[in-house]
1. Looking at Val204, Val209 in this structure, which one is in contact with a Gly (Cβ under 6 Å, 6 or more places away or on another chain), closer than 24 Å to Val134 by Cα and β-branched (Val, Ile, Thr)?
2. Of all residues in the range 205-218 being open to solvent by 30 Å² or more (accessible area, probe 1.4 Å) and not in a loop (DSSP other than H, G, I, E, B), which is nearest to Gly170 (Cα to Cα)?
3. Restricting the search to the range 93-148, which residues are surrounded by fewer than 24 Cβ atoms within 10 Å (Cβ to Cβ), in contact with a Cys (Cβ under 8 Å, 6 or more places away or on another chain) and outside any loop (DSSP other than H, G, I, E, B)?
4. Within the group Leu305, Leu197, which residue is within 20 Å of the chain's Cα centre (by Cα) and in contact (Cβ under 8 Å) with a residue 40 or more places away in the chain?
5. Looking only at the range 173-204, count every residue that is assigned to a loop (DSSP other than H, G, I, E, B) and surrounded by 24 or more Cβ atoms within 10 Å (Cβ to Cβ) and tell me the total.
6. Are there any pairs, at least 6 apart or on different chains, whose C-beta atoms fall under 8 Å, with the first in the range 108-131 and more than 19 Å from Phe188 (Cα to Cα) and touching a residue at least 40 places away in the same chain (Cβ under 8 Å) and the second assigned to a strand (DSSP E or B) and charged (D, E, K, R), and if so, which?
7. Would you confirm whether any residue within the range 141-152 is under 17 Å from the mean Cα position of the chain (by Cα) and aromatic (Phe, Trp, Tyr)?
8. Please tell me if Glu297 is at pLDDT below 90, within 26 Å of the chain's Cα centre (by Cα), under 30 Å from Pro45 (Cβ atoms) and charged (D, E, K, R).
Amino acid sequence: EESLVEAHLTKVADDEARSFTALNTAFLRDGAVVHVGKEVEAPLPLHLLFVTDAAGANNAAHVRNLIVAERHAKVTVVESYVALGDARYFTNAVTEVSVGDGATVNHYKVQRESRRAFHVGTAEVTQGRDSHYVSFSFAIGGALSRTNVYTVLAGEGCGSTLNGLYMVDGEQHVDHQTRIEHAQPNCFSREVYKRILDGASRGVFNGKVYVHPIAQKTDGKQSNNNLLLSDRAHVDTKPQLEIFADDVKCTHGATVGRLDETALFYMKSRGVDREQARRLLTYAFAADVLETIELAEVRNELEALTLQRFTNEEGVGPRA
């Protein structure tokens, strides 16, 4: 009898068209398998933690994860990439996710690599009928990082929610690429990505929603909002819709801007100094998308990291 791994590994991720996925497949040695059976709801979230310390300097790690949620299963998986120290190394991670009919997978990815590291992470997902895949990507590390999230809504009546927040400064480069493929009718997708850029950092977002001719009654919304804190920060954003069905509701948009001077003036008039007002408004911009995270422990930790990154304060801000 075919094993679970044999049945799913390399069947979801496309290593023919994606070079880094092919590289991962060729050299994969590490990773995790998460399997939730039919009608089972995992009682606790699962945390996959990948740590690189000084011994990992000048090395490459090709991590491969497999998440399989069978019919009407429910699971929450947190996938974290962190560094102890400032070693220079390369992480090339691929996670394959199979979401069965009526199943729900909540998938949180936290990228906190060394500021000298390089990170490429890809999540490829296939969804069954009436399923829901919820993704949140949080990125603050790496000299150069890219996160890809590709999902195929392969069953009627399913939905996909892809959200993310990334905060970079200095000369960091952060890239997010998403693709939501509506392959069946009566499906929905929601996508909100926010970026905060300071220093001479650069951010890239390319999000595509592809609607097949058969995928009537598609309901898709996508937005990308960018906050520039420096004159030297740079953003490239490209939300895309490719629609081949005629009975759909699809919207997309992107914004790039600076802090609201009117809001800054108002706060200063109430006795808040400019620097503190700047920090509070920056946090408010990020908190809007962080509040979409249902898992309180993850939400609170990411809120704390956000505060620490841009306000130099800890333990301040909303808590569940």
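1. Values: Val204 fails: in contact with a Gly (Cβ under 6 Å, 6 or more places away or on another chain).
Among Val204, Val209, only Val209 is in contact with a Gly (Cβ under 6 Å, 6 or more places away or on another chain), closer than 24 Å to Val134 by Cα and β-branched (Val, Ile, Thr).
2. Asn206
3. His132
4. Leu305
5. Keep residues of the range 173-204 that are assigned to a loop (DSSP other than H, G, I, E, B), which gives 183-187, 198-201.
Filter once more, keeping what is surrounded by 24 or more Cβ atoms within 10 Å (Cβ to Cβ): 187, 201.
Residues that pass the stated criteria total 2.
6. From residues that are more than 19 Å from Phe188 (Cα to Cα) and touching a residue at least 40 places away in the same chain (Cβ under 8 Å), the pairs are Tyr108/Glu79; Val110/Glu79; Val120/Arg146; Gly121/Lys109; Gly121/Arg146.
7. Filtering the range 141-152 for residues under 17 Å from the mean Cα position of the chain (by Cα) gives 141-142, 144-152.
Filter again for aromatic (Phe, Trp, Tyr), leaving 150.
Yes, the range 141-152 has at least one match.
8. Taking the combined requirement at face value, the residue does not satisfy it.
The values are calculated or read from the model by the stated rules, or taken from the named source; none is laboratory data. Note that the structure is predicted; figures quoted are calculated from it, not measured. Glycine also receives a Cβ, built like all others from the backbone with ideal geometry; neighbour counts cover every protein chain displayed. These area figures cover heavy atoms from the full protein model, side chains too; ligands, DNA and RNA do not enter into them. Shrake-Rupley method; radii C 1.70, N 1.55, O 1.52, S 1.80 Å.
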